[in-house]
């Protein structure tokens, strides 16, 4: 099988695994954030093995299929807005190889997405008073993002050390 065919097959497998994780957010009453984070981690395998082109195709196909099959539309919106393509963003940022610039860019990206999400949610879904959005909530979200990125990196590292040689 040639590399293009393998890339498409792995993309389909990653799409399936991602959709399973997203679907489980409908069934399991807890751990929605964990399942969202887990669903995003599969894309990094495509980035590592087949590159950005196949990762984008996988992200787009997962987003489209998820829009049809995932009942909880807020979950799929969060996947599309942030979690779905974070692996691609992380890949480009970490190519800089300067930890300070990387973290500045990651947090900047996260906060821009957070701001966009906040305004979209407050305008179209829920009427939220911007003054009620306290600083402590923003700090907690920053810590959650830091933990998410850290464990995302661990997952990539474990994939490279233990699984990649068997793929």
Can you tell me which residues in the stretch 145-166 are out of contact with any helix residue (DSSP H, G or I) (no Cβ under 8 Å at 6 or more places or on another chain), farther than 16 Å from residue 94 by Cα and at pLDDT 80 or above? 147, 158, 161, 162, 163
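Residue by residue, here is whether (1) under 16 Å from residue 151 (Cα atoms); (2) part of a helix (DSSP H, G or I); (3) without any contact (Cβ under 8 Å) to a residue 12 or more places away in the chain holds:
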residue	(1), (2), (3)
10	no, yes, no
61	no, yes, no
97	no, no, yes
107	yes, yes, no
Given (1) farther than 22 Å from residue 114 by Cα; (2) assigned to a helix (DSSP H, G or I); (3) touching a helix residue (DSSP H, G or I) at 6+ places or on another chain (Cβ under 8 Å), identify the lone condition not met by residue 43. (1)
Regarding the stretch 34-48, can at least one residue be identified that is loosely packed, with under 14 Cβ neighbours inside 10 Å and either more than 13 Å from the chain's Cα centre (by Cα) or at pLDDT 95 or above (or both)? no
Among (1) within 25 Å of residue 110 (Cα to Cα); (2) surrounded by fewer than 18 Cβ atoms within 10 Å (Cβ to Cβ); (3) in contact (Cβ under 8 Å) with a residue 24 or more places away in the chain, the one test that residue 71 misses: (1)
Does at least one position in the stretch 117-131 carry a residue that is modelled with pLDDT of 95 or more, assigned to a helix (DSSP H, G or I) and more than 17 Å from residue 37 (Cβ to Cβ)? no
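The values are calculated or read from the model by the stated rules, or taken from the named source; none is laboratory data. Not measured: the values here are computed from a predicted model. Cβ: placed from backbone, ideal geometry, glycine included. Neighbour counts: every protein chain shown.
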